[in-house]
Amino acid sequence: MAFKKGFKKWAEDKSLQLRKELGLQCFDPLNAFDVCTHLQIHALYPSYFSEFPTIALKQLTKSDSAWSALTMKNFEGIQFILHNHNHSPQRQQSNLMHELAHILCEHTPDEESDESIILQKFGLRKYNEQHEQEAEYLGGALQIPRDGLMKHLFKERSMHEIAHIHLCSVQLVQYRLNITGVKRQYENYRKKKGN
């Protein structure tokens, strides 16, 4: 599925804009918790809510739990992200950036069906492939913008070094190298230089 025209540029620009607002350069790591604070979105975990039964909390916050994060609204309509704080720091960054991407893209349910209304009450959204692809792209751009990735390559940093700097997985670095075209652009540059 293709992205809407101009989406990738908008996503890259949004990542750079947030970095600028937080006093960071394109190659600096952007911490998801700092973005939440900056956008006045609370990042909470299940044990914050005393209403959760203990057995449910244990299940929800297991480090190997498939559950990662979801965006919800309280009774006043204020958005917050509920996330599994027992996941690795790298995965927490990815989980939060993905949810922040949905918020920044202003993704809303496509239809007001009974199913969608029920899902919304639990902070869930009906699966929308276009929305998920956009959140994956923007979430990745928030972690490592295209311009920053290019700077890292020119400094001859490995994928592992880039992942370490940006507190993300090597798989995300590979995804960003491929989807942005930076890897191909850098390799073409090196060929022209005769390296």
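Among Glu129, Glu21, a tally of other beta-carbon atoms within 10 Å of each Cβ gives an order, fewest to most, of Glu129, Glu21.
The residues Tyr127, Tyr45, Tyr137, Tyr189, when put in order of fewest to most other Cβ atoms within 10 Å, stand as Tyr127, Tyr189, Tyr45, Tyr137. Our estimate of slack between Asn128 and Phe33, defined as 0.36 nm per intervening residue step minus the Cα-Cα distance, is 31.6 nm.
Can you give the FRET efficiency for His42 and Arg184, using 1/(1 + (r/R0)^6), R0 = 30 Å, r = Cβ-Cβ distance, to the nearest 0.05? Step by step, r from the Cβ atoms, then E = 0.15. Checking the Cα-Cα distances for Lys4/Lys151; Lys8/Lys191; Lys4/Lys183; Lys20/Lys193; Lys20/Lys183; Lys8/Lys192 against a 30 Å cut-off, the pairs over it are Lys20/Lys193. Could you check the simple spin-label distance between Trp67 and Glu21, using points 7 Å along Cα→Cβ, in nm with one decimal? For the pair Trp67/Glu21, the computed spacing is 3.0 nm. Rounded to 0.05, the FRET efficiency of the Lys155 and Lys193 pair, given R0 = 22 Å and the Cβ-Cβ distance, is 0.90.
Rule-based calculations on the coordinates, nothing more; no lab input. Bear in mind the structure is a predicted one, so any value in this text is a computation, not a measurement. Cβ coordinates were reconstructed from backbone atoms using ideal geometry, including for glycine residues, and neighbour counts include every protein chain displayed.
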